[in-house]
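> Could you have a look at this structure, given as structure tokens, before my questions?
All of the numbers you see were taken from the coordinates with simple rules; none came from a lab. Bear in mind the structure is a predicted one, so any value in this text is a computation, not a measurement. All Cβ positions, glycine included, derive from the backbone under ideal geometry; neighbour counts span all protein chains shown.
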Amino acid sequence: MAHLHGEERAHYVQDMFGRIAGRYNLMNTLMTGGQDMRWRRFVVQQAELQPGDKLLDLATGTGDIALEAQKMIPDLEVVGADFSLPMMMVGKARPGSARMMWAGADALHLPFANNTFDAVTSGYLVRNVIDISRTFAEQLRVLKPGGRIVVLDSTPPPNNLLRPFIMIHLKYIVPMLGRLISGKEGADAYRYLPESTQKFKTADELATMMRDAGVRNVTFTRLMFGTMAVHRGEK
């Protein structure tokens, strides 16, 4: 689970998302109280896309951010990329999915030319990659000059009065929901996700890593009592 490293962790994550693909959207809604839909719109807004722009949505999964971007911006060219093919197969059955391109891709080795996209978005990608600096380097490579990187991911719960309640939610409520919705495999997967959240970078640490990778003008906004963050930067 969250203690795994390197290729072993990458293979675990890939298999895990494949196993929970069919119930992934329902679980996101239940875990966040429906706030995930608002966060997706905020990610798209932060990307500052214009009609006719080209967007790459990494770790697109079932296409949540990509499909939201299509709704919000006319004539947008969208590519959704993920290394979990079962997740994308679920996404391709959703309304509007035929208008976007779907690509099997590893975020550490993107199969796209330099200076291709006006923005790169991602939801819950960075926490799961085995080389954070590498994925930002790849995103910068495929971005056009002035292009935007927008990252939605979880952060460790802050040390405040709400932390005990947040930890109960992460350690007990989320795995219980996973078991109820997706069975034993869901419980295993939704133990990994809270564990990886607790071991992940703080919002400040991730912002520093983005700057060290060469991303400019990095800012971030905390969400959901400080347990989520949206980072934004530019090439």
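> Can you list residues whose amide H is under 5 Å from ALA119's amide H, if they're 5+ apart or on another chain and H is modeled 1.01 Å from N?
Residues meeting the criterion, in which the H sits 1.01 Å from N, are LYS54, LEU56, ARG148.
> Then there's this: What are the ³J(HN,Hα) couplings of segment 49-63, residue after residue, when phi is run through the Karplus curve with 6.51, -1.76, 1.60 and θ = phi - 60°? Round to Hz, x for glycine and proline.
For segment 49-63, the Karplus-derived couplings read 7, 10, x, x, 5, 10, 10, 10, 9, 8, 6, 4, x, 8, x Hz, x marking Gly and Pro.
> When the chain is fully extended, how far beyond the present Cα-Cα distance does PHE165 get from ASN115, taking 0.36 nm per residue of separation?
Taking 0.36 nm per residue and subtracting the Cα distance, the gain is 13.6 nm.
> Moving on. So what J values fall out for segment 220-226 if you push phi through Karplus, 6.51 cos²θ - 1.76 cosθ + 1.60 with θ = phi - 60°, rounded to Hz, Gly and Pro as x?
8, 10, 7, 9, 6, 6, x
> Taking H placed 1.01 Å from N in the peptide plane, check which residues at least 5 places from LEU108 or on another chain put their amide H under 5 Å from its amide H.
Under 5 Å from the amide H of LEU108 lies no amide H from a residue far enough along the sequence or on another chain.
> Listed highest first by mean packing, meaning other Cβ atoms within 10 Å per residue, what order do 100-108, 60-68 come in?
Output ranking for 100-108, 60-68: 60-68, 100-108.
> Given the pairs LYS71/LYS144; LYS54/LYS201; LYS144/LYS201; LYS71/LYS92; LYS144/LYS235, which are separated by over 18 angstrom at their Cα positions?
LYS71/LYS144; LYS54/LYS201; LYS144/LYS201
> List the residues whose amide H sits under 5 Å from the amide H of THR60, counting only those 5 or more places along or on another chain, with H placed 1.01 Å from N in the peptide plane.
When sequence neighbours closer than 5 places are left aside, the close amide H contacts are ALA81, ASP82.
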